[in-house]
Structures are given as C-alpha cells and as structure tokens.
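The values are calculated or read from the model by the stated rules, or taken from the named source; none is laboratory data. Just so it is clear, the structure is predicted and the values come from calculations on it, not from any experiment. Virtual Cβ from ideal backbone geometry, glycine too; neighbours counted across all protein chains shown. All accessible areas refer to the heavy atoms of the entire protein, side chains included, with ligands and DNA or RNA removed. Shrake-Rupley method; radii C 1.70, N 1.55, O 1.52, S 1.80 Å.
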2 protein chains.
Amino acid sequence: MDVIILSPLENVIIEKLAEIVGEQFISTDDADLVSYSSDFMIDVFLKPDVVILPENTPQIAAIVKLANENSIAITPRGAGTATHGGSIAQGGILLDLTRMNKIKELDPISMIATVEPGVVYEDLNRITGKSGLWFPIEPPSGAVCTAGGMVGNNASGLMALKYGTTKDYVLALEVVLADGSIIKTGKSVLKSSSGYDLVHLFVGSEGTLGIITEITLRLIPKPMHLSTAFASFPSLNGLNDAMNAIYEIRRVLTPAGIELIDLQTQKAINEVEKEKLVPEVEILVIFEIHEFSAAGLEDQKDLIEGVARKHNCNEIHWAKDDEERDRMWKARKAATVVSVRSRTSTLLGDLIVPIKHVPAIIRFIQEVAREKDLLISIVGHAADGNIHYLIPFNQNESKKAFDAGDAIVYKTIELGGSITAEHGVGLEKIKYMELEHGESLSLMRAIKKILDPKGIMNPGKIFPAEKQ
Amino acid sequence: MDVIILSPLENVIIEKLAEIVGEQFISTDDADLVSYSSDFMIDVFLKPDVVILPENTPQIAAIVKLANENSIAITPRGAGTATHGGSIAQGGILLDLTRMNKIKELDPISMIATVEPGVVYEDLNRITGKSGLWFPIEPPSGAVCTAGGMVGNNASGLMALKYGTTKDYVLALEVVLADGSIIKTGKSVLKSSSGYDLVHLFVGSEGTLGIITEITLRLIPKPMHLSTAFASFPSLNGLNDAMNAIYEIRRVLTPAGIELIDLQTQKAINEVEKEKLVPEVEILVIFEIHEFSAAGLEDQKDLIEGVARKHNCNEIHWAKDDEERDRMWKARKAATVVSVRSRTSTLLGDLIVPIKHVPAIIRFIQEVAREKDLLISIVGHAADGNIHYLIPFNQNESKKAFDAGDAIVYKTIELGGSITAEHGVGLEKIKYMELEHGESLSLMRAIKKILDPKGIMNPGKIFPAEKQ
C-alpha cells in the first residue's frame, strides 16, 4: 500500500480550518477520527489528522486552497459505505460531506435534479418520487449512501441491466479543483457534443481529481408496472441452464435486472435470516421486469417463463404482491452480508466479464474454492457480467483467501474482464491497475498531475506508487 | 478562424507516407484534395497537402509518428458528413479512414461488436441485425456515415430519447496517440469503476486527442414491435399544446423518439418532394414507439393519443404498415435538406436546452426570423430539447443570417443550454466555446496539451486561439 503519509497538522492549520467551518464542525478527537478510520473494506484502518464537515462550496474552496498551499492531503467522504478503502485517509484532512445534503433544484418538467453531494440516495428518490420521477440506480446501500459517493465511484446496483450506472445520469458537475478554484462542467441538457467530456472524467475518479460539490442528474419516469420472480434451476448443470436462459431472454428483451445466487449463498441467507427466504437449488435466478402497461408486463412474464422452462427451470414464482416482492429483494440484499458471519473477515470481489464468460468465471471461482478449501459465495448481476464473490476467512486463512482473490482477478483479466464493475479501486485494487490498464495508466497519471500537481487529492488511491 | 497553417509538405515526407500505405493509397492531386475540402458546413473550403488512406492500425501509427516528428498536422475523416468543418484540413495530412471498414468481431452472446472506424452505420446494423442486434443511434446520414465519425462527434439521431447517444454504446477504444503509440482503453464489459474514464474523453473529441482505430460497441435487441404517428396541433398555440402533451407523456413513458416540425418546414417538404408527405398545421409531432409486445404497444398508443387530444391535437394518425412508416420518416429526414434549395446557402443550428425551455427557444427563433426578415425552419428532437434550425440565405443576406445564428446561440446559453447537442464544434462553433465553458475550457486545453504537445492532431478545431 503506497499511501502518502503527511506529517501531523500544525495547530495553526487546525485553527484556520475551524475559522472556515466553525468550531463545532471540526474535530481532532481520537474517538471521532477512529469513526472515520474504516469503510466496508476489510482489515484496513487509517486515521486522518482532522475531520471537517463543510456546509457549502465556498467553505470547501477555502479548505482546499489552504490544503494545497500547505501540501496537506484531503480525502472526501460521503456515507463511507464503499468496500475498497477509497474514503479513508492516512493523515491529512477528512472532508465529511454529509452536511451538504440539499436538493438545490428539482425541475419536474425537464426531469432534472441538482443536488449537493451529501444527499442520501433514498431521500432523493422520496422527493423526486412525488413527481413520479426516479434516479434508478438502486444500490443495496441506498438507504444511507450519498450521491457524491455514487458519482465518485460510478456506483450501480440491482437494475443496471436496463438503467445503466450512475454515469448515465450525471449531466453536469460543480467541482472544487486542487488549487481551490471552482469549475462547472456540463449543462442541464440531455445530450452534448461540445468539447471534451469532463463530466465523465470526474465520475468514478474517487475524489482524486477534485471535490464534487454539486451534481445535476437526469431522472426518468418511475415504472408503472413491475414484477419480480424467483426461478429455480435445479440440475447439476444449473449454471449453464440459467445462463443459456438469460442469454436467450436478453436477445429479445431487457429486464430491469437479473440476479444469480448460488446454493452456498442461498443456504447462508436462510440460515442467518432464520426463515426460508429463498428456495435452495443449484442456481436461483431473480428476474425483475418493469413495464409501462399491465398487458406488456404479462407478455414479458410469458416470454421469460417459456425460455426459462425450455432451459430446465423447474419452478418460476412471480411475487403475488409488493410485500412478497420486497421479501425477495430483502433476500438478495442480505446475500452480501450473511456470509460474513461465519468467519471473522470477508474478502468481497466485484469483477465483470463479457457476459459469454459468466459460466467460465463462476466455474473458475468454484474450482479455486475447492482447491483452497474455502467457502466462496457467489451472487451477482449475471446478465451484465458483474459477479460478486465473498470469501469469508479466519485470521489463519488470510493468505489463502487473498491468494484466491488474486487468482480470480487474474482469470478475470485473462477473460477480457475488469477488476471492478461498480465498487471502485480505492486502496484494495491498486495492485491490479497496471495489469488491467497497461499504457493507459500513464495517461491517467498525466491527467491526475494536471489537475492535482501536488498530489493532495485523496492521495494513495487508484494509482500504484511510481517506480523510481 | 484560427487554423494552424503548416507549410506544404516536402517530397521526402510524401515519399515516406507512400512507403507506409502504398502508392495507390496516397494522393496530392489537386482534384483529389478538392474532393476532401468541404463537409456539410457552409462556405468553408480547406485543402490538405496530402490525402492518405491507411488500411490498419500499424500504418496509422507509422503515419502519426512521422507527422509528429515533423510537426505536420493530421486530420482524420470518415464519410465527411459532419456539418461543422471538423473533418476538413488546411494543409497537412488528411487521413481518410474509409478503407478501415471491417467488423473485427461480433459476439452475439455478449451482444458486443468490435469494429474499425470506417465501417458504415447501416452496414454494421445489417450484419448485427442478422443476430437480432442493433446499434440504435439512427443518424439521418446512417446510409453513409462511419462509426469513427460518430464516435468523434458523439453523434445521435432520431431515437436518442429512449436510446441515448453514441457515447452510451462505446465500451472500449484503440487509439493512436500523437507520438504514434497505440493504447487500448476500456474493456468489452458493460460497466466499470476501474480508474478514469478515458473512453469518454476520446468520444466527442473530434480527432483532436488521437486517431481512433478500433471501437467496441455494446448492442441491444432490435425492438419487436414499433409504430409511428403524425400528430397535428393546429391551433395558433400549437407549440405550447404540443410541448405540454410531450411533457405529460414523458413523465410516464419514454417513446423511442418524438420529433417536432414547424409549418415552414412542412411546406418546404411537400413542395420539394412534390407530394403531400406531411399535413400542414401549426405544429406537427412525430411519435415513434418501440415495445417488446403488441399489447404493450397498443397501450402506449392509447396513452399518447389520450394525452395529445387533451392538449388540442385534432388528428393522430398511426402508420398502417412499414411502407407508410418509412414515408413518414422520409419526410422527417428530408426536413434538413429541403430548405437549402430556396437559397444559395443554409446555416444549420444544433442547439439544446433544458426541455422546459423548448417553447421559449422556438419562440425566440421565430421572433429573430420576423425581425430580420429571414425564413427560418425549425425541426428537432423536441422531447430531448435538441432543436435544429435552418437559415437559408443568399450571399447578400449572409451577415444577417450569421447575426441571427449568433443571437439564437446567445439565447441558448442564457437558457442554460449547449451550443451543440450532436453535431460537434469543429470550426463553426469555436467562437462560442469560451462563452459556454468558461474556466472548464482551460482544463480541456491542458488535457489536449498532454496528449498532443505539438498540436498536430486536427489543429484549429474546437479551441479558440489562445490569447498572447
């Protein structure tokens, strides 16, 4: 890990920061610093020197200017729900953006919202929902995660198949650059061919290019009719059956989401939740469909059911009502946490492959699990190729768990895939960046250097240390 | 216009270029140079020193390396259907990419195609269509325009409302950088959070950052059922009626496309085509809907018809068959050329505003036309806010036509809009770039300088000359 370590901040700096935001919104108390020392990444704890909670863009501009003049690291953070260490800081300033949670404008005619980075995903959708509008990402952490964090990591969620990822909704940004200057880029319009796309350069840059202080999002109509099904593929060849069904369905129809849960994960869900939330079969697939009309929805159901049965699905059960639908999604959302309980730590993977290689990568993960005698759960957005795997382990299994993770990532790259589909690089995946990007990594570094010549913006993230 | 003028090329350079591609694929004949001296932008003719037609990436890398070593401008070009001067060159090398028209891979399971930049849009869709797959941009120039040009300009078309623009389909690129090095960026996967999004930095960069030599595109299923309608809004308040209907429809449903044609344009279409292709009413709206099922399609029709009639639409006519549907779209596609015939030149606009401001900008354009005694036709993708206006003029009307264009662009910016939604900046819109982007333009320049320190890549495009 190549985090730039900056010396503890002098008191005069702390005093100047306090002047900017007010005494009550800054802390150097160890108890506070500890509460910012981790995210959902395992086994990494890094403490900043100071935590500060700004209220508006001018405050942030003043903080960044001061940091830049004094070469102090500055790390932005939303809800801290990331899984890769992107929002924790070894020394320097931790910028907690959760006070900046205003919806600055909601234009229901243009179907556009402009928000501060600290607004919580579900809070935003509660407000836009009153106008029938939706920011359709649905990250499993939606009840707490913030718009800024979603933009910083290009987050996605359970409905990415139909609706895409955060980047597909960001029209414009206000950003405080490393020198404290404030730029606006993009417009509240749905298309543009006007110069370079700086908006998408900042999306997914994990706070390493600037502090995003305002986000303009396009919204879409909430679906009028929706339905969710559990489809069971019981044969030992259930993985191939399920994926063949998914391939055939995708060629004619784009469901909102298609999730795949392996037997290992199904058992863990039922055990931990203490009720039989999911059937236990070789492969369980969740289909979610959204339609404008009830008749259209029924036709989608018929198609999915016909294709699934052709591929040896022995049961497909559509939720009877919203309550049952919610229970189905509760099960899926539980999948990413249940496995943790059986061991002290869990390594969480976020790979993506071309979808034709989904069976190959899943089978490879299963082989690695057998070889290394690990229990690896697999759950994922099967239809877009994004597979999550969870490797729970005890302290004495640490090396073999990380070796397994490495082997899976190398296989992913070999299959033409990417090391992270929606979680981000942060600290955790730095070691794979050269392998994935080759020469393009130098270009990313060069862009970083223009925007942040002193390297104060979330240092130690994304990029491996440069060879001397 | 601030095109960098480079001295005529020495014979030794021409000889070296000929060695790279072969004698038959290079020309300095004036007749050939003239045929590359314009695109669909009015009144601008610029001749390159040499035209060269490479066959593959290594040839391009060698050409670019030679150009960079000798500080020679290099301008890439596809079919030359752009409307802003982006693909014409004053001196230097004109790189005609139309020989590079292979589909290198079509993966129907992963629903991904990898193509060379010279492949023609409709040729690509003919091949992918055999697998039921579609690259759904539908630019009116689709019969001739190339994938490389579409990526370079982030082109869109008649179905952007539902399907987005070219950038939404580009997953990965191979690019020859200004020093002749070849990079690959992005992967054949549907999502990524792995480092900076360089793919979208190149999309829309109009050949100023590198030569795109390979494009990986995601494809989607072709729609199973589709229908097209003409909806007439006859009242003097037809513009407001039509837009209110569109706003209400968009809040519950996303049609594939919604087009708006003003009376001026309707008359020109019928006159030039010598048949009554379109009704003549205050405002004519075309609705195009795509659905998985026939029943779903009928429900969409009912909704659209009900809302349109509520807002004083007196006739909505759905095409009875494919032939009638084709005739409707023929009329729409004719709209952008018919006006040209009444005068010697036509200024073509490509503005976009937040959709709530569509009535305001259209009314402003009509006022400008009245004030300046010009016949301005308006046709556009009304539901995404992208309005095209055509100002035909004779030579003696040139100043007032350009003044009208400027006034319309200033109003667009005032309404929070952008100077170009889908055509690009090229030469034509350079004069508005500072106004639109402010401080962000410096950041674009800085990125340009990293990637192209000598300024050889399509010089004189996008950026205004720097103040000394």
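What the table below lists for this structure:
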item	result
Filter pass, residue A:409 being crowded, with 18+ Cβ neighbours inside 10 Å, among the aliphatic types (A, V, I, L, M), out of contact with any strand residue (DSSP E or B) (no Cβ under 9 Å at 6 or more places or on another chain) and touching a residue at least 24 places away in the same chain (Cβ under 8 Å)	no
The one condition in (1) crowded, with 24+ Cβ neighbours inside 10 Å; (2) in contact with a Cys (Cβ under 9 Å, 6 or more places away or on another chain); (3) more than 14 Å from chain B (Cβ to nearest Cβ) that residue A:79 fails to fulfil	(1)
Single condition residue A:173 does not satisfy, out of (1) facing chain B (nearest Cβ under 9 Å); (2) buried (at least 23 other Cβ atoms within 10 Å of the Cβ); (3) under 15 Å from residue A:217 (Cβ atoms); (4) touching a strand residue (DSSP E or B) at 6+ places or on another chain (Cβ under 8 Å)	(1)
Single match in B:308, B:268, B:335 (criterion: modelled with pLDDT of 95 or more and either on the phi < 0 side of the Ramachandran plot or not hydrophobic (A, V, I, L, M, F, W, C) (or both))	B:308
Residue match in the stretch A:230-253 (condition: open to solvent by 50 Å² or more (accessible area, probe 1.4 Å), without any contact (Cβ under 8 Å) to a residue 40 or more places away in the chain, of a type outside the set (Phe, Trp, Tyr) and over 30 Å from residue A:124 (Cβ atoms))	yes
Filter result (surrounded by fewer than 21 Cβ atoms within 10 Å (Cβ to Cβ) and either within 7 Å of chain A (Cβ to nearest Cβ) or aromatic (Phe, Trp, Tyr) (or both)) within the stretch B:445-460	B:446, B:450
Whichever residue in the stretch B:299-319 is at the interface with chain A (Cβ under 8 Å from one of its Cβ atoms) and in contact with a Gly (Cβ under 9 Å, 6 or more places away or on another chain) and, among such residues, is least open to solvent (accessible area, probe 1.4 Å)	B:300
Residue list for the stretch A:386-408, restricted to those being within 12 Å of chain B (Cβ to nearest Cβ) and touching a Lys or Arg at 6+ places or on another chain (Cβ under 8 Å)	A:386
Any chance residue A:416 is facing chain B (nearest Cβ under 10 Å) and crowded, with 24+ Cβ neighbours inside 10 Å	no
Only one of B:298, B:323, B:305, B:315 that is among the charged types (D, E, K, R) and closer than 18 Å to residue B:263 by Cα	B:315
Test: residue in the stretch B:361-374 that is within 14 Å of another protein chain (Cβ to nearest Cβ), open to solvent by less than 50 Å² (accessible area, probe 1.4 Å), under 25 Å from residue B:162 (Cα atoms) and modelled with pLDDT of 90 or more	yes
Only one of A:204, A:210, A:186 that is within 11 Å of chain B (Cβ to nearest Cβ), surrounded by fewer than 24 Cβ atoms within 10 Å (Cβ to Cβ) and under 26 Å from residue B:194 (Cα atoms)	A:186
Any hit, the stretch A:440-462, residues being out of contact with any Phe, Trp or Tyr (no Cβ under 6 Å at 6 or more places or on another chain) and part of a strand (DSSP E or B)	yes
Restricting the stretch B:20-48 to residues that are in contact with a strand residue (DSSP E or B) (Cβ under 7 Å, 6 or more places away or on another chain) and charged (D, E, K, R), the residue that is modelled with the lowest pLDDT	B:43
Filter pass, residue A:206 being out of contact with any helix residue (DSSP H, G or I) (no Cβ under 6 Å at 6 or more places or on another chain) and in the same structural domain as residue A:158 (by TED's automatic domain parsing)	no
Residue match in the stretch B:324-331 (condition: touching a helix residue (DSSP H, G or I) at 6+ places or on another chain (Cβ under 6 Å) and farther than 23 Å from residue A:190 by Cβ)	yes
Filtered residue count, the stretch A:153-166, keeping only those that are within 18 Å of residue A:113 (Cβ to Cβ), crowded, with 24+ Cβ neighbours inside 10 Å and not polar (S, T, N, Q)	1
Hits in the stretch B:124-160 - residues which are within 12 Å of another protein chain (Cβ to nearest Cβ) and of a type in the set (Val, Ile, Thr)	B:128, B:137, B:151
Any hit, the stretch B:54-68, residues being basic (Lys, Arg), within 30 Å of residue B:43 (Cα to Cα) and not in a loop (DSSP other than H, G, I, E, B)	no
Of the criteria (1) within 12 Å of another protein chain (Cβ to nearest Cβ); (2) over 25 Å from residue A:88 (Cβ atoms); (3) aromatic (Phe, Trp, Tyr), which one residue A:432 fails	(2)
Only one of B:357, B:423 that is in contact (Cβ under 8 Å) with a residue 24 or more places away in the chain, within 9 Å of chain A (Cβ to nearest Cβ), crowded, with 18+ Cβ neighbours inside 10 Å and assigned to a helix (DSSP H, G or I)	B:357
The stretch B:269-298: number of residues that are away from every other protein chain (no Cβ under 14 Å), part of a helix (DSSP H, G or I) and open to solvent by 20 Å² or more (accessible area, probe 1.4 Å)	3
